[in-house]
Structure formats: C-alpha cells, structure tokens
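I have placed the structure first, in the form of structure tokens, so that the comments after it can refer back to it.
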Amino acid sequence: MKIENLANPFISHHPLQLICELNELGCTIQLRGLITYPGKMTRKKIQIKKIDNTTARQVTFSKRRRGLFKKAYELSTLCDAEIALMVFSATGKLFDYASSSMQQVIERHYLHPENLRKMDQLSLELQGTSYAMLSKEIEDKTHELRRIKGEELHGMDMEELHKLEKVLEAGLSRVTETKSERFLEEITALQHKGAQLTEENQRLKQMENLFSAQTHVLEQGQSSESITNICSSSDPQDNDSSDISLKLGLPFPK
C-alpha cells in the first residue's frame with residue numbers, strides 16, 4: 001500500500017511523499033521529497049495607509065497613541081527633555097501629554113528665536129498680501145465709481161451696460177426714496193417747530209395780559225393812596241388854623 005503526496009502544514013509547502021511497502025519482513029517507510037522545517041516567525045509588514053474599517057481604526061489609534069505617549073515619557077525621563085504632545089482623534093477628541101506644563105512648553109515654542117523670525121516673516125507676508133488685496137479692491141471700486149459716473153464706458157459690452165443701467169436705476173430709486181424721506185422729516189420738524197412757536201406766542205400773550213392787569217391794578221391802587229395822602233395831609237392844617245383863630249380872638253373877660 002502506498003500513500004503519497006501528504007502535505008505537512010508544519011513542514012514547508014513541499015509535498016511529502018510517504019511510501020509504505022508491506023512484505024513479509026514488515027513495513028518499510030520511505031520518505032521522498034525535500035523536508036524543510038520552519039525557522040523564526042517574522043511579523044507581516046503593515047502597509048501605511050488609512051484603515052477603512054472604523055473599529056479597527058479606533059483600536060489602532062488607541063494602541064498607537066498609548067505607545068506614542070509612552071515613548072514621549074521615556075524620552076523626557078531618560079534625556080531630561082521637555083516634551084509636549086497634542087493629538088486629536090478623528091472625532092475631534094483631544095489627548096495631550098506634557099513632561100512639565102503644556103502652557104510653558106507652548107510659550108517656550110513661540111518665544112524661540114527661530115519661531116520669532118518665522119512669525120515676523122509671516123507677518124510681513126500677511127501685510128504684503130493684505131496690502132495687495134486692499135490695493136486691488138480700491139482699484140476695482142474706483143473703476144466701478146467712474147463707470148457709475150458715466151466715465152470709462154468704452155470697454156463695456158451690451159450686457160455690462162445693461163447691468164450698469166440696472167444699478168443706476170436702483171440707485172436713483174433709492175436716492176428718490178431717501179430724498180422723500182428727508183422732505184417728510186424736514187416737514188415734520190418744521191411743523192413741530194411751528195407748534196412750539198405757537199405755544200410760545202400764546203404763553204407770551206398770557207404773560208402780557210397778566211402784566212397789563214397787574215399794571216392797571218397798581219395804577220388804581222396808586223390813585224387811591226394819593227387821595228388818602230391828600231386828605232390826611234389836610235387835617236393838621238385845619239387844626240392849626242383853628243388854633244390860630246382861637247388865639248387871634250378877643251380875650252374872655254376875667
């Protein structure tokens with residue numbers, strides 16, 4: 001009986017030929033083929049790309065994040081290095097690690113001379129970009145204003161002229177509406193001012209009438225007082241006259 005081409009999963013991928021021959025002396029086993037034994041197992045190299053499976057991606061993130069933080073701790077401890085790590089997950093969750101203080105490390109990073117030079121350069125670039133944008137915007141607005149004033153229309157086609165006409169019509173409508181509003185405001189203000197003047201005139205007339213009445217009363221009081229004064233001033237003269245007449249009369253006989 002022969003059994004051939006038996007594959008052993010623990011001995012390479014080559015088939016193992018097993019031959020059994022039965023005879024009167026017993027069983028003879030012959031092995032034919034190349035037998036190789038597995039050596040040291042090697043880890044499969046992982047291709048670095050985005051993991052499509054959400055669960056596997058979350059598990060990998062958690063494991064590698066812990067490994068990264070562990071390496072950072074070991075580096076800071078062994079080499080007395082100041083380290084700060086910030087990691088955001090795909091869901092936006094923040095994970096951070098700092099050997100001392102995250103704020104101090106960030107401030108030290110910003111105050112580093114190299115970063116200061118970069119920040120100055122970036123600031124100059126931003127200023128230059130902003131200046132260029134503002135210059136372009138001013139130029140465009142100036143050109144648009146000239147067209148609204150009826151200037152520099154030679155390079156415009158029919159569609160652009162139609163749009164400009166619509167803009168001017170809308171602007172004229174707004175100007176007319178604003179002008180009407182200003183007229184109404186001025187009319188209302190004049191009416192209010194006229195009402196105030198009328199009220200002030202009435203108040204002045206009332207004051208004039210009151211003043212005239214007081215003057216009349218004072219004049220009447222002054223006349224009565226003068227008559228009283230005349231009467232009172234004539235009494236002593238009459239007394240003196242009577243006294244004088246008595247004195248000039250004949251003496252009574254004794």
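Answer yes if at least one residue in the range 85-100 is part of a helix (DSSP H, G or I), small (Gly, Ala, Ser) and surrounded by 11 or more Cβ atoms within 10 Å (Cβ to Cβ), and no otherwise.
Restricting attention to the range 85-100, the residues satisfying the condition of being part of a helix (DSSP H, G or I) are none.
Within the range 85-100, none of the residues are part of a helix (DSSP H, G or I), small (Gly, Ala, Ser) and surrounded by 11 or more Cβ atoms within 10 Å (Cβ to Cβ).
Residues in the range 83-94: is at least one among the hydroxyl-bearing types (Ser, Thr, Tyr) and either in the same structural domain as Val175 (by TED's automatic domain parsing) or modelled with pLDDT of 80 or more (or both)?
The answer is yes; a qualifying residue exists.
For the condition modelled with pLDDT of 85 or more and surrounded by 10 or more Cβ atoms within 10 Å (Cβ to Cβ), what is the one hit in Leu161, Leu126?
Only one candidate qualifies: Leu161.
Filter the range 169-204 for residues that are more than 30 Å from Lys149 (Cα to Cα) and among the polar types (S, T, N, Q) and give the result.
Thr188, Gln191, Gln196, Thr198, Asn201, Gln202
The values are calculated or read from the model by the stated rules, or taken from the named source; none is laboratory data. Keep in mind the model is a prediction, meaning the values are calculated, not measured. Heads up, the Cβs are rebuilt from the backbone with ideal geometry, glycines too, and the neighbour counts pull from every protein chain shown.
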